[in-house]
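The values are calculated or read from the model by the stated rules, or taken from the named source; none is laboratory data. Note that the structure is a prediction, hence the values are computed from the model and not measured. Note: ideal-geometry Cβ built from the backbone for every residue, glycine included; neighbour counts use all protein chains shown. With ligands, DNA and RNA removed, areas are computed over all heavy atoms of the protein, side chains included. Shrake-Rupley method; radii C 1.70, N 1.55, O 1.52, S 1.80 Å.
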Amino acid sequence: TDLRKSLSQHAWGLTGIAFQKELGSMADKTGRVGVAAEALLTALAVSAEEAEAVRRAIPIFRADLATDMVYEFPELEGVMARAYALAEGQTEATADALLGGVRPRTHDDDVPATEAGAVLAVADRLDKLVGFFALGRRPSGSADPFGLRRDGMAVARVVASQGWKLPLTDFVTAAVQPYESGSVAVGAEVAKAVEEFVWDRVAVLLQERAAVPVVRAAIRGSRSVIGAARRVELLNTLLASPEAGDLMALYK
């Protein structure tokens with residue numbers, strides 16, 4: 001039944017699927033994601049092939065939410081988008097981007113396999129974080145009803161997996177850009193809070209590889225996620241060397 005329509009036709013159905021009251025429908029959300037993704041393509045100097053995959057995927061991104069298959073089996077979002085895209089003759093790169101854009105769903109889920117999918121995934125998660133933070137719906141204590149910590153962790157994992165050298169500030173700036181013409185005000189304080197929130201998730205990831213003081217030092221000395229990860233490795237190597245004790249004593 002779903003195949004009787006194209007993904008572009010299914011995308012029209014996103015106007016009737018709510019994302020969040022103040023932030024509009026899923027169609028509104030995917031529109032913002034498209035603007036942010038376009039900005040990231042330039043900032044990251046993505047290859048022409050991967051950029052083309054992103055641009056072809058944007059108009060039909062998350063369109064499978066309006067299909068019968070995903071309505072009955074929500075866990076197949078992205079999987080069905082890829083299948084339907086291939087069935088209607090889209091390129092494999094575009095189909096992979098549609099699947100990658102919704103990953104990872106959980107901490108154990110795979111990150112996007114392609115750079116195009118990674119761009120969509122980061123733009124999508126940051127759009128949600130910026131919007132909810134602007135509305136004052138930030139996690140408090142153990143309460144996180146909107147799964148924002150999971151989204152922040154997804155951003156941290158995807159950016160780290162790609163090895164992008166772009167400062168984290170620039171990723172957030174790209175996500176803030178689409179809100180400038182909307183009704184929800186996103187100021188510098190919101191952008192800074194979102195960036196700090198993602199850095200906290202980066203710290204959680206890095207603490208699997210190093211002690212907390214090492215992770216804190218690496219993050220404070222870095223602008224990019226990959227920079228922090230490399231500093232963690234360098235500091236671990238330095239601290240394990242025989243000269244580390246003398247160096248720390250001299251420093252103190």
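When the Cα atoms of the stretch 116-174 are enclosed in a convex hull and the volume is divided per residue, what value in Å³ results?
Details: hull volume 5.0 nm³, N = 59.
Hull volume normalised by residue count: 85 Å³.
What shape does the stretch 129-206 have by the C-alpha gyration tensor, where a ≥ b ≥ c are the square roots of the eigenvalues, rounded means a/c under 1.5, and otherwise prolate means a/b greater than b/c and oblate the rest? Let's see the in-between values first.
Numbers: a/c = 2.16, a/b = 1.17, b/c = 1.84.
Oblate is the answer for the stretch 129-206, as a/c is 1.5 or above yet b/c matches or exceeds a/b.
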Suppose we look only past 17 Å in the calculated P(r) of the stretch 67-196. What percent of the Cα-Cα pairs does that tail hold? 62
Quick one: 3J(HN,Hα) in Hz for the stretch 93-99, Karplus 6.51/-1.76/1.60 with θ = phi - 60°, rounded, Gly and Pro as x. 5, 5, 4, 5, 5, 5, 6
Proximal charge balance of Phe197 [Cβ under 9 Å; K/R count +1, D/E count -1]: 0
Amide H to amide H under 5 Å from Ser25: which residues, 5+ apart in sequence or cross-chain, H placed 1.01 Å off N in plane? Phe19
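Report, in debye and to the nearest 20, how large the dipole of the stretch 169-208 comes out about its Cα centre when Lys and Arg carry +1 and Asp and Glu carry -1 on their Cβ.
Values: 2 positive and 7 negative charges, 16 e Å.
That gives a dipole near 80 debye.
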Okay, helix-only estimate at 222 nm for the chain: each DSSP H run of n ≥ 4 adds -39500 (n - 2.57), divide by all residues, round to 500 deg cm²/dmol; what do you get? -18500 deg cm²/dmol
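Given 10 °C and 1.306 mPa s, compute D for the chain with the Stokes-Einstein relation, Rh being the Kirkwood radius over Cα pairs; round to the nearest whole µm²/s. Provide the component values of the computation, followed by the final result.
Details: Rh = 19.1 Å.
Value of D from the Cα-based Kirkwood radius: 83 µm²/s.
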Which ³J(HN,Hα) values, rounded to whole Hz and listed in residue order, are derived for the stretch 102-115 from phi using the Karplus coefficients 6.51, -1.76 and 1.60 in 6.51 cos²θ - 1.76 cosθ + 1.60 with θ = phi - 60°, glycine and proline given as x? 9, 10, x, 7, 10, 5, 8, 6, 6, 7, x, 7, 10, 5
Positive end of the charge dipole of the chain (Lys, Arg +1 and Asp, Glu -1 on Cβ, about the Cα centre): tell me which of Phe73, Leu148, Phe133 has its Cα farthest that way. Phe133
C-alpha center-to-center spacing [the stretch 2-43, the stretch 106-140] in angstrom: 14
The stretch 59-120, accessible area per residue, ligands and nucleic acids excluded (1.4 Å, Å²): 44
Expected vector for the stretch 121-127, Karplus 3J(HN,Hα) from phi with 6.51, -1.76, 1.60 and θ = phi - 60°, integer Hz, x for Gly and Pro, equals 4, 5, 4, 5, 5, 5, 4
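Charges only on Cβ, +1 for Lys and Arg, -1 for Asp and Glu: so what's the dipole of the stretch 100-209 about the Cα centre, in debye to the nearest 20? Each step should come with its number before you reach the end.
Numbers: 13 positive and 15 negative charges, 33 e Å.
Around 160 debye, computed over the stretch 100-209.
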Between 0 and 90 degrees, rounded to the nearest ten: what's the tilt of helix 225-239 against the longest Cα principal axis of the chain? 30
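Beta carbons within 10 angstrom, averaged per residue: use that to sort the peptides 58-67, 99-108, 213-222, highest first. Could the numbers behind the result be given before it?
Values: 58-67: 23.8, 99-108: 18.4, 213-222: 16.7.
Ranked from most to least packed, the peptides come out as 58-67, 99-108, 213-222.
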